[in-house]
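Working notes, beginning with the structure itself.
Please treat every number below as a calculation from the coordinates, not as lab data. What you are looking at is a predicted structure, and each value in this text was computed from that prediction instead of being measured. When we count neighbours, we look across all protein chains shown, and the Cβ atoms used for this are built from the backbone with ideal geometry, even at glycine.
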Amino acid sequence: MIQNWLEDRRLGRVQADVEIEAFVAGVVDGSVTRPQAAAWLAFVNCRGMTAPETAALTRAMTDSGERLAWPGIAGPFVDKHSTGGVGDKVSLILAPLWAELGLRVPMLSGRGLGITGGTLDKLESIPGYRTDLQAPELHQVLEEVGCFINGQTEQVAPADRILYALRDETGTVPSVPLITASILSKKLVAGLDRLVLDVKCGSGAFMHTRAEAEELAASLATVGAHSGLEVETHLSDMDTPLGCAIGNALEVVEAVECLQGGGPEDLRKLVVLLSGEGQRARDCLARGDAYPRWQALVRAHGGDPEAPLHGAGCAREVIEATASGRLQRLDAGLLGRAAWRLGAGRAKAGDPVHWGVGIVLHAQRGARVEAGQPLMTLFHAGQQLNQAGELARQAIDIGED
């Protein structure tokens, strides 16, 4: 049977819902081997899937485990997902902000793949923070705090957990149908009323062109609607990093600054846009109202919001401007690769990350800089510093106004 499924995918034939459901079930119970699943993913990456096939894959992955429910808790239940970017710490800010504004946020997040940072990796730089809370604990945190940010439990969408890791190993991460099914399967199990999607576009994103980002946004909206979920999509720039911090602990620090009323302007603007709450969200951030909610969230997950973050004590290397002029380019893709070289990301699922390393930008694109002015600081632990420094320098263009 599996050989017929592989043949269909290789030739681009449309598969019936029952065949896709059987394939996903086989991935979970082991009757479909890892090489067979890898081949199926590769054929999907090359041939694509129709919208109904993608919807069937999403349903099968969603139904491969338990669904979460929130009896006794009043909604609305809302979540946000980003398709991955460099310096994207929006989830850390948006979850407590939404909770402070009266929404309930059951957020299931993932780890980083390639140069894109993972929300769970950032949170685990906080001493004691647990990303493996089980369903009863999640219900309690959601009821008491109004939000949680957790990884998938063993019982939730196990098919996605298996395929997510395999996609990284097989180079099939950018596939639109596979991205769509992976994102939505994790969100549909959480009992959401609304999902806000931030589809990144640029050198630091999976989708490099606007056309690719629009294709993914349309796929997510279409399959979400098929599944009865209200999906709101936004396209945002990832040619330059979001904010000034790139790296796990460094991004937590910047997220806290934003929750306390500061932080980079581009980060605050995107958080407000994705919140859908306009001036209410802007005022809440400016006053620092959501910061106590953040502290409560961290404590509810077993963390200490006041403790020094893991990875402190890294050495530092400053990169200066080699000329005076306007900072015309800060390439997110190259800076993401530089942080990855330092150890902020992982080559494959299961690899460790270094919580403390990364990059802090001292000037953003469009700023006027002078020769010798510090442009960025690399926080490192001695790992591939020369290679990371070269990539960081390649990311910079300084020219006339």
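Highest mobility in the GNM of the chain, judged by mean-square fluctuation with C-alpha springs under 10 Å and restricted to 190, 211, 290, is found for 211. One decimal place: the segment residue 397-residue 364 gains 10.7 nm when fully extended, by the rule 0.36 nm per residue minus the C-alpha distance. Here the spin labels are modelled as points 7 Å beyond Cα on the Cα-Cβ line, and at residue 31 and residue 322 they lie 6.0 nm apart. Taking all Cα pairs closer than 8 Å and separated by 6 or more residues, the relative contact order of the chain comes to 19 percent.
Across the stretch 315-399, the mean sequence separation of Cα contacts (distance under 8 Å, 6 or more residues apart), normalised by length, yields a relative contact order of 50 percent. Farthest towards the positive end of the charge dipole of the stretch 107-233, among the residues 201, 158, 148, is the Cα of 201, using unit charges on the Cβ of Lys, Arg, Asp and Glu.
Ranking of 237, 88, 283 by neighbouring Cβ atoms within 10 Å, starting from the fewest: 283, 237, 88. Mind checking which aspartates and glutamates have their Cα closer than 13 Å to the Cα of residue 89? Skip sequence neighbours fewer than 8 apart in that chain. Cα-Cα hits under 13 Å: 121, 198, 251, 254, 257, 266.
When you count, for each residue, the other Cβ atoms within 10 Å and take the mean per peptide, how do 386-393, 69-76, 356-363 rank with the highest first?
With the highest mean Cβ count within 10 Å placed first, the list reads 356-363, 386-393, 69-76.
Charged side chains reduced to their Cβ positions (Lys and Arg at +1, Asp and Glu at -1) give the stretch 78-300 a dipole of some 200 debye around its Cα centre. Measuring r between the beta carbons of residue 73 and residue 154 and using R0 = 22 Å, the FRET efficiency lands at 0.45.
Shape class of the stretch 256-401 from the alpha-carbon gyration tensor: oblate, with a/c at 1.5 or above and b/c at least as large as a/b.
Full extension of the chain between residue 351 and residue 169 gives 64.3 nm of extra length, using 0.36 nm per residue less the Cα-Cα distance. Compare the Cα positions of 44, 263, 219 along the charge dipole of the chain (+1 at Cβ of Lys, Arg; -1 at Cβ of Asp, Glu; about the Cα centre) and return the one farthest towards the positive end. Value: 44.
Net length available on complete extension from residue 7 to residue 260 is 85.5 nm, with 0.36 nm assigned per residue and the Cα-Cα distance removed.
In plain terms, the residue of 24, 78 with the fewest other Cβ atoms within 10 Å comes first and the most crowded comes last, giving 78, 24. Apply the a/c threshold of 1.5 to the C-alpha gyration tensor of the stretch 315-399 and tell me whether it is rounded, prolate or oblate. Cα axes put the stretch 315-399 in the prolate bin.
Where a ≥ b ≥ c are the square roots of the eigenvalues of the C-alpha gyration tensor, would you call the stretch 78-300 rounded, which needs a/c under 1.5, or, failing that, prolate if a/b is larger than b/c, or oblate? The shape class here is rounded.
Between residue 51 and residue 214, the FRET efficiency estimated from the beta carbon spacing at R0 = 22 angstrom works out to 0.90. Label-to-label distance, residue 135 versus residue 273, with points set 7 angstrom from Cα along the beta-carbon direction: 3.8 nm.
Annotation: amide H-H contacts under 5 Å for residue 148 (H modelled 1.01 Å from N, sequence separation of 5 or more, or interchain): 105, 107. The HN-Hα couplings worked out from phi for the stretch 212-229 by the Karplus form 6.51 cos²θ - 1.76 cosθ + 1.60 (θ = phi - 60°) are 5, 5, 5, 4, 5, 4, 5, 4, 4, 5, 5, 5, x, 5, 4, 9, x, 10 Hz, whole numbers, x standing for Gly and Pro.
For the residue pairs 80/269; 187/269; 200/348; 80/348; 80/200, the C-alpha atoms sit more than 20 angstrom apart in 187/269; 200/348; 80/348.
Amide H contacts of residue 302: 130, each under 5 Å away and 5 or more positions distant or on a separate chain (H built 1.01 Å from N in the peptide plane; Pro and chain starts excluded).
Measuring from centroid to centroid over Cα atoms, what is the spacing of the stretch 325-354 and the stretch 229-282 in Å? The two parts, judged by their Cα centres, are 19 Å apart.
Dipole size in debye (nearest 20) for the chain around its Cα centre, Lys and Arg Cβ +1, Asp and Glu Cβ -1? Let's see the in-between values first.
On the way: 37 positive and 50 negative charges, 64 e Å.
For the chain, the charge dipole is close to 300 debye.
Counting neighbouring beta carbons within 10 Å and listing from fewest to most, the residues 11, 274, 216 come out as 11, 274, 216. Say we join alpha carbon atoms closer than 10 Å with springs in a Gaussian network model of the chain; which of 292, 241, 96 then has the biggest fluctuation? Result: 292 has the largest fluctuation of those listed. Given the options 59, 365, 130, which has the most mean-square fluctuation in a GNM of the chain, springs set between C-alpha atoms less than 10 angstrom apart? In this elastic network of the chain, the residue with the biggest mean-square fluctuation among 59, 365, 130 is 365.
Note on residue 371/residue 312: beta-carbon distance plugged into 1/(1 + (r/R0)^6) with R0 of 35 Å gives a FRET efficiency of 0.65.
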